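Before any comments, here is the structure.
The values are calculated or read from the model by the stated rules, or taken from the named source; none is laboratory data. Here the structure is a predicted model, which means the values were calculated and not measured. As a convention, Cβ positions derive from the backbone with ideal geometry for all residues, glycine included, and neighbour counts pool all protein chains shown.
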2 protein chains.
Amino acid sequence: MSNKDDSNLFSGYHGLALNILQKFDAHVGDRVKIETDSKALEGILIPRAELTTTHDHVVIKLKNGYNLGVHVSKIKSISVIERGRMLRPELPEIPVSYREDAPEVSIVSTGGTIASRVDYQSGAVYPALDARDLYNVVPELGDYAKLKTRFLFNIFSENITPSHWTKLAAEIAKDIQDGVDGIVVTHGTDTMGYSSAALSFALQNLPVPVVFVGSQRSSDRPSSDAAMNLLSAVITAANAPFAHVVVVMHGTEDDKFCYCHPGTKVRKNHTSKRDAFRTINDYPIAKVENGRIIMLKKDFVPRDKKRELVLKPKFDNRVAFVKAYPGIPPEIIDLFVDKKYHGIVLEGTGLGHAPEYLNDALKRAIEEGIPVVMTSQCIWGRINMYVYRTGRQLLNLGVIPGEDMLPETAYVKLMWVLAQTRDMKEIRSMMLTNFAGEITPQTRSKEFLG
Amino acid sequence: MSNKDDSNLFSGYHGLALNILQKFDAHVGDRVKIETDSKALEGILIPRAELTTTHDHVVIKLKNGYNLGVHVSKIKSISVIERGRMLRPELPEIPVSYREDAPEVSIVSTGGTIASRVDYQSGAVYPALDARDLYNVVPELGDYAKLKTRFLFNIFSENITPSHWTKLAAEIAKDIQDGVDGIVVTHGTDTMGYSSAALSFALQNLPVPVVFVGSQRSSDRPSSDAAMNLLSAVITAANAPFAHVVVVMHGTEDDKFCYCHPGTKVRKNHTSKRDAFRTINDYPIAKVENGRIIMLKKDFVPRDKKRELVLKPKFDNRVAFVKAYPGIPPEIIDLFVDKKYHGIVLEGTGLGHAPEYLNDALKRAIEEGIPVVMTSQCIWGRINMYVYRTGRQLLNLGVIPGEDMLPETAYVKLMWVLAQTRDMKEIRSMMLTNFAGEITPQTRSKEFLG
């Protein structure tokens, strides 16, 4: 990919913002001082890496590492303190060293901060696109794998939708057909748990591991977890003895090890901590420490390149995911019934309850052929609707208990099931069947809070 | 309360179920054998303690402690193996011993399993209504407090609505006016965190502690946490040096101690474990161990009976609480705007994000004077919408960042704020003001996962 063209000088800027940069001859990567009516701001002019909806801000990276957008209307002048290097300069042609007999790993990028690298001179962050970039950022990768890389999407993970899961599944299926030894998917952390669950269902009978990885701190911050997570993910994809969809992220707040979390049992539990991801109602399959994979589970599907992948990549996006809470209006349920949705997943309270005044609306939903699945907002533990009368009433209405599935996983699973059948009996049976580790036979006490 | 009348023989049974019990002369409390077409079931015939919507089941308590409802249509015969004692027999007139100088504690019951006691002969569970009952069940209570008790509601906590919070606040205000030294509220565990948050806002300038307590295992099971939780709650209400709304529940899986969790920062995180309740993004105020209160926090409002309560018991129930997830349809937001709701709390992803395709719907909401508050489904951590472009876009639309508030608490708080003002500026200012410990100035790393 060539990056020598001049458009890089104002990379990503349009409209008023582009005009003002051109006027003051300030380029992306320059250290600039922006004067406004009230103050002077100094920082590195950074590119607008993502598709922006407005074009009236100039963005600089401050010394403290944070980005700040300044509205064009407030800018009196911009002066260039120091010219920056061009962004995405040609990297020096250093030889990439990797073992010729190393396993082949495909890295599919969907976006998120892990797929970026910092230009240390300009302070700007931009995507690390190709294998050489990655080997430059994390040279140890060459010890473990021959990489092939591609950008599938470049979006924030909050913008990932079920149709992205379908495309991603198809891409991974291609890689598997090509005979790679493992796949790494770089992904924003916000919805990584939803996506890892989706791919766990879409990729049945998996021959090699599929490893989701992200980072909680972008690679331009000293506390970044990006390099270690990426290295651990590549090691897992290259060498793990299992063939599961997993999420590889920091296991602790320090840089000691990463966990391999089962794709259907993992959740982001903290907005910013590096060890935010935890296995819920189960335990991690393995950990990666000092370049080695230490298995924590004995019951896993071994990798076997001769196993034939069964691709079921479709998701029915007419499923509603509704949290039940004190005062929830029944008209939320009515809306989805009126609009002919195909399924509803409730995130109920406790052992699987919802206010009784919702029962009529839920009854109507089920009578109209809309399956309703119950999960718990407690997150940990298992649905048991036999204990209290209110739970038994819901069972009598036909509500399907979600066992110990994460609410998010149950939502993804119902979309996957509905893409295969609309028969209420089959839906129930499939929701109660363990396809990808989403239901464990027994919930153990010690798994509480990871 | 007299319980000698004959209606107790068939307590709570009506319709077909009552008919069949009368036919076979089986009374509540009897050990019975029920014959169906396929099997014979043995257990104690138990009363239908709650208002039931159907009258066609006979319920027995099996040997394993679980209750089983048998549909009348399946019953061929019922035979009485052993007559039970009458339920709620006159308790023996044992003297209740309590210190005359003990603090006065008011117990307000709203329902839930903690407000029950088991008849060990019949195995049935029924409400422990009055102080004498409680002293009989937990005789140690007399060492700590003079109790006055009353039933305010007798409902499962999943059926608690904002109007119940208002009534409960008014009842507690009465107790405070009467000069009690502390109040205990027994409450089902499902929505206890919502209610404790609601009362934290409704009871401003509190002079004495208000202690929510529940139990995760009903008092007829050997592993019940009811007695220890209740005792710890009464000790807290009677003796704690602070005047906060707290939740008192088991601190560990064994019976070692209970925690006093701040009412706005507590959440049920497990469907069944006794230590399911955890303080989120903060730490417990105190623990209660061996009858003593050990303070864990130095910054608390001291109890002071001269402090004048400010009662703000109203909640605006036109607030929607919406989880954001991959594929969420914008029409959910549209529904609430079209129906002229007064506020929306989003449970977003990560640092406070939602799919960008929701932006138009959210923009319209805010333009129509509906405040939108952002929280995170991560549960732990703090909203920071400045880090990524998608967050900044939401801030630009006018979305109010929920800081480190629990989503549930932010929902309750917005209802409380909207009952006081509909002015968008004031709403924003109040949502960002700490009224009852719901916003901490700094989130500490070690508070992750309690």
Matching residues, the stretch A:176-199, being in contact with a helix residue (DSSP H, G or I) (Cβ under 8 Å, 6 or more places away or on another chain), not in a helix (DSSP H, G or I) and not β-branched (Val, Ile, Thr): A:ASP181, A:GLY182, A:HIS187, A:GLY188, A:ASP190
Unmet criterion (only one of (1) part of a strand (DSSP E or B); (2) crowded, with 24+ Cβ neighbours inside 10 Å; (3) not basic (Lys, Arg)) for B:LEU351: (1)
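Each row is one residue, and each column tells you yes or no for (1) crowded, with 18+ Cβ neighbours inside 10 Å; (2) over 27 Å from the mean Cα position of the chain (by Cα); (3) in a loop (DSSP other than H, G, I, E, B).
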site: B:ILE333; (1), (2), (3): yes, yes, no
site: B:TYR341; (1), (2), (3): yes, no, yes
site: B:GLU347; (1), (2), (3): yes, no, no
site: B:ALA361; (1), (2), (3): yes, yes, no
site: B:ALA365; (1), (2), (3): yes, yes, no
site: B:ILE370; (1), (2), (3): yes, yes, yes
The one condition in (1) at pLDDT 75 or above; (2) over 30 Å from A:VAL417 (Cβ atoms); (3) crowded, with 24+ Cβ neighbours inside 10 Å; (4) in contact with a Lys or Arg (Cβ under 6 Å, 6 or more places away or on another chain) that A:ALA145 fails to fulfil: (4)
Checking B:HIS250 against (1) farther than 18 Å from B:VAL211 by Cβ; (2) free of Cβ contacts under 8 Å to residues at least 40 places away in the same chain; (3) buried (at least 22 other Cβ atoms within 10 Å of the Cβ), the condition it does not meet: (1)
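Results for (1) assigned by TED's automatic domain parsing to the domain that holds B:ALA169; (2) farther than 13 Å from B:GLN216 by Cα; (3) touching a His at 6+ places or on another chain (Cβ under 8 Å), shown as yes or no for each residue.
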residue: B:ALA238; (1), (2), (3): yes, yes, no
residue: B:PHE242; (1), (2), (3): yes, yes, no
residue: B:VAL245; (1), (2), (3): yes, yes, no
residue: B:HIS250; (1), (2), (3): yes, no, no
residue: B:LYS256; (1), (2), (3): yes, yes, no
residue: B:GLY263; (1), (2), (3): yes, yes, yes
residue: B:VAL266; (1), (2), (3): yes, yes, no
residue: B:ASP275; (1), (2), (3): yes, no, yes
Some residue of the stretch A:316-334 being within 22 Å of B:HIS342 (Cα to Cα), more than 8 Å from chain B (Cβ to nearest Cβ) and in contact with a strand residue (DSSP E or B) (Cβ under 6 Å, 6 or more places away or on another chain): no
Some residue of the stretch A:380-391 being facing another protein chain (nearest Cβ under 7 Å), over 20 Å from A:ILE332 (Cα atoms), small (Gly, Ala, Ser) and surrounded by fewer than 24 Cβ atoms within 10 Å (Cβ to Cβ): no
Of residues in the stretch B:402-450 being within 14 Å of chain A (Cβ to nearest Cβ) and small (Gly, Ala, Ser), the one farthest from the chain's Cα centre (by Cα): B:SER445
Test result for B:ASN396, in a loop (DSSP other than H, G, I, E, B), modelled with pLDDT under 95 and of a type outside the set (Phe, Trp, Tyr): no
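Quick one: in the stretch B:431-450, which of the residues that are in contact with a Phe, Trp or Tyr (Cβ under 9 Å, 6 or more places away or on another chain) and touching a residue at least 12 places away in the same chain (Cβ under 8 Å) is surrounded by the most Cβ atoms within 10 Å (Cβ to Cβ)? I'd like the intermediate steps shown before the answer.
Initially, the stretch B:431-450 is screened for residues in contact with a Phe, Trp or Tyr (Cβ under 9 Å, 6 or more places away or on another chain), giving B:435-436, B:438, B:443-444, B:446-450.
After this cut, where a residue has to be touching a residue at least 12 places away in the same chain (Cβ under 8 Å) as well, the list is B:435-436, B:438, B:443, B:447-450.
Working: B:PHE435: 16, B:ALA436: 23, B:GLU438: 26, B:THR443: 19, B:GLU447: 19, B:PHE448: 22, B:LEU449: 17, B:GLY450: 22.
Per the criteria, the residue is B:GLU438.
Please work out which residue is nearest to A:THR236 (Cα to Cα), limiting yourself to the stretch A:141-156 and to residues that are assigned to a loop (DSSP other than H, G, I, E, B) and in contact with a helix residue (DSSP H, G or I) (Cβ under 6 Å, 6 or more places away or on another chain).
Filtering first and then ranking leaves A:ALA145.
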Residue count for the stretch A:200-221, restricted to those that are outside any loop (DSSP other than H, G, I, E, B), touching a Gly at 6+ places or on another chain (Cβ under 9 Å) and surrounded by fewer than 24 Cβ atoms within 10 Å (Cβ to Cβ): 0
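Yes/no matrix, rows are residues, columns are (1) at pLDDT below 75; (2) closer than 30 Å to B:TYR144 by Cα; (3) assigned to a loop (DSSP other than H, G, I, E, B):
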site	(1), (2), (3)
B:TYR13	no, no, yes
B:ASP25	no, no, yes
B:THR54	yes, no, yes
B:ILE60	no, no, no
B:VAL80	no, no, no
B:ASP101	no, yes, yes
Near pairs, Cβ below 9 angstrom, 6+ apart or cross-chain, from the stretch A:340-353 (more than 10 Å from chain B (Cβ to nearest Cβ)) to any residue that is aromatic (Phe, Trp, Tyr) and in a strand (DSSP E or B): A:ILE344/A:PHE321; A:LEU346/A:PHE321
Matching residues in the stretch A:168-205 - criterion: being more than 16 Å from A:THR409 (Cα to Cα) and of a type in the set (Ser, Thr, Tyr): A:THR186
Residue among B:LEU449, B:LEU432, B:LEU414 that is in contact with a helix residue (DSSP H, G or I) (Cβ under 9 Å, 6 or more places away or on another chain) and of a type in the set (A, V, I, L, M, F, W, C): B:LEU414
Unmet criterion (only one of (1) in contact with a Pro (Cβ under 9 Å, 6 or more places away or on another chain); (2) within 9 Å of chain A (Cβ to nearest Cβ); (3) surrounded by fewer than 21 Cβ atoms within 10 Å (Cβ to Cβ)) for B:ASP304: (2)
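Which one of B:ASN290, B:ASN281 is in contact with a Lys or Arg (Cβ under 8 Å, 6 or more places away or on another chain) and at positive phi?
Every option except B:ASN281 fails the conditions.
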Selected residue [away from chain A (no Cβ under 14 Å) and among the small types (Gly, Ala, Ser)] from B:GLY179, B:GLY188, B:GLY193: B:GLY179
Extreme residue, farthest from the other protein chains (Cβ to nearest Cβ), among residues of the stretch B:222-273 that are within 15 Å of B:ILE183 (Cα to Cα) and in a loop (DSSP other than H, G, I, E, B): B:PRO241
Pair list, Cβ < 6 Å and 6+ apart or interchain, from the stretch B:281-306 residues that are assigned to a strand (DSSP E or B) to residues that are of a type in the set (Phe, Trp, Tyr): B:LYS287/B:PHE257; B:LYS287/B:TYR259; B:GLU289/B:PHE257
Selection from the stretch A:40-52 of residues that are within 22 Å of B:VAL387 (Cβ to Cβ) and either assigned to a strand (DSSP E or B) or at pLDDT 85 or above (or both): A:LEU41, A:GLU42, A:GLY43, A:ILE44, A:LEU45
Any chance B:ILE285 is within 30 Å of B:MET424 (Cα to Cα) and away from chain A (no Cβ under 13 Å): no
